[in-house]
Structure formats: C-alpha cells, structure tokens
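Participant: Right, I'll just put the structure down here and ask away after.
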Amino acid sequence: MVPGTVPTTLLHALGDGACRTIDDLDARLPLSRRQISDGAGMLIMRGLMERIEVGCYQLTADGRAAAASGRVISSGPIRPDRGRCRAPQTGTLRQRAWNAMRMGGAFTIGDLVMAGCDGSEKNAASNLQRYLKSLVRAGYVAELPVRARGTKQTSNGFKRYRLLRDTGPVAPVWRPSKHDLFDHNLGDAGEVVPCR
C-alpha cells in the first residue's frame, strides 16, 4: 500500500466520532488486523486518535477535525523541525577527543588520537582532522602558529591547536548537511553555531 493509505483510511472510518473495536474495523475495512493496529499507533502518536479501552479506538477532537477536512496522513516528521539535534551520544571518538581538549594546553591530532581511540575506529586521525576543521571554523579551536616537532628529519612538524571556547562537557556536533555545529551545552535545548 502507498505510505499514508492505512492511517488515512482509519481516520476517515472513525470520522463519525464513534469508538470502534479492532474487530469492527477489521470487518468494515480492507485492512489486516496488523495494518489497523499499526495505523492506529501512528494516529495516536500524532494526537489524532486515542484508545478508550483495550482494542477500542476513537478520534480526538483534532482527529475529527482532520477527518472532516479530508486530511491525508503522509509519512514524514510528526512535529516541525525546530533546528534541534539528536540527543548527545556518549563514548564516541569525538566526545573522548573533546574531553582531552578541555583538559587545557596545546594539542595535536596525534595527541587526540592517543587520548580518544579505543581500537574500534577505522580512520581516527582523518575523522578528528575533519572535526577539528569544523571547530576551527566555528571559533571553538585555534590553530597555533608554532608547530610541534616532527618525528622525521624532513618533517615540517605537526599542527598544534588550543581550545578557545569550552562551553561544557558535551562535544559539539558537526552537521555537514547544514554546515554548522550544534552545541548541546548552550541553553536548555542547545544552540546552532554557524561555521564560516
């Protein structure tokens, strides 16, 4: 079935405001019991339907209004995007690197790799290099003018960095699709920090 067909069919079948059981809906609609149950769950999550008792469903006031207007339920986000990011993930390479940066002093990518790797990462240095680049663009980290001494005679040395903006314990999240950082430490719901 086309996405949205099942919940839309249920919405319109319950448009009269009556409380109907799954058995009643199964007999009236060309849907399986599983489709009815899944569609009802989707409508409940959207605040359009409520379960009055076990196995008996009824539309809410918003649901009756949606049915009366002929609304079609489509797949996609239930609520509007408020620019928020997912909940912070703990135990990631970037979180461990952020913890190391917050300890103070200058650091190189090699220092962060040593402090943050647990052995499960495929290319930790490249990952942290991209992350540092985004932190530099957002003004959280500065690249220092003097490099750390290299390990080979012909080496130019390793770039050194320093954390300038320590906003809190949760590592800011780089969002490549939006070209910004989301910082969970700023405000109650976090804050978007644009990158230059």
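The values are calculated or read from the model by the stated rules, or taken from the named source; none is laboratory data. From a predicted model like this one, the values you see are computed outputs, not experimental measurements. Backbone-built Cβ (ideal geometry, glycine too); neighbour counts: all protein chains shown.
Participant: Kindly establish whether residue 37 is within 28 Å of the chain's Cα centre (by Cα), closer than 13 Å to residue 11 by Cα and not assigned by TED's automatic domain parsing to the domain that holds residue 9.
Facilitator: no
Matching residues to (1) among the hydroxyl-bearing types (Ser, Thr, Tyr); (2) assigned to a strand (DSSP E or B); (3) modelled with pLDDT under 80:
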residue: 167; (1), (2), (3): yes, no, no
residue: 181; (1), (2), (3): no, yes, no
residue: 186; (1), (2), (3): no, no, no
residue: 189; (1), (2), (3): no, no, yes
residue: 196; (1), (2), (3): no, no, yes
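Participant: Another question, if that's okay. How many residues, within segment 61-70, are over 29 Å from the mean Cα position of the chain (by Cα) and either part of a helix (DSSP H, G or I) or farther than 13 Å from residue 10 by Cα (or both)? Talk me through it step by step, then tell me what you get.
Facilitator: The initial filter retains those residues of segment 61-70 that are over 29 Å from the mean Cα position of the chain (by Cα), namely 61, 64-65, 67-70.
Among the residues that remain, those that are also either part of a helix (DSSP H, G or I) or farther than 13 Å from residue 10 by Cα (or both) are: 61, 64-65, 67-69.
Residues in segment 61-70 being over 29 Å from the mean Cα position of the chain (by Cα) and either part of a helix (DSSP H, G or I) or farther than 13 Å from residue 10 by Cα (or both): 6 in total.
Participant: In segment 131-143, which residue that is surrounded by 14 or more Cβ atoms within 10 Å (Cβ to Cβ) and under 15 Å from residue 111 (Cβ atoms) is farthest from the chain's Cα centre (by Cα)?
Facilitator: The extreme case among them is 141.
Participant: So which residues in segment 144-196 are farther than 21 Å from residue 111 by Cβ, surrounded by fewer than 12 Cβ atoms within 10 Å (Cβ to Cβ) and not β-branched (Val, Ile, Thr)?
Facilitator: Selection gives 153, 176, 177, 187, 188, 189, 194, 196.
Participant: Kindly indicate whether residue 133 is farther than 16 Å from residue 102 by Cα and either among the aromatic types (Phe, Trp, Tyr) or assigned to a helix (DSSP H, G or I) (or both).
Facilitator: yes
Participant: Can I ask one more? Any chance you could count how many residues in segment 53-62 are surrounded by 12 or more Cβ atoms within 10 Å (Cβ to Cβ) and either modelled with pLDDT under 85 or among the polar types (S, T, N, Q) (or both)?
Facilitator: Qualifying residue count for the region: 5.
Participant: Same structure, new question: Provide a single number: the residues in segment 24-41 that are part of a helix (DSSP H, G or I) and either buried (at least 19 other Cβ atoms within 10 Å of the Cβ) or among the polar types (S, T, N, Q) (or both).
Facilitator: Qualifying residue count, segment 24-41: 6.
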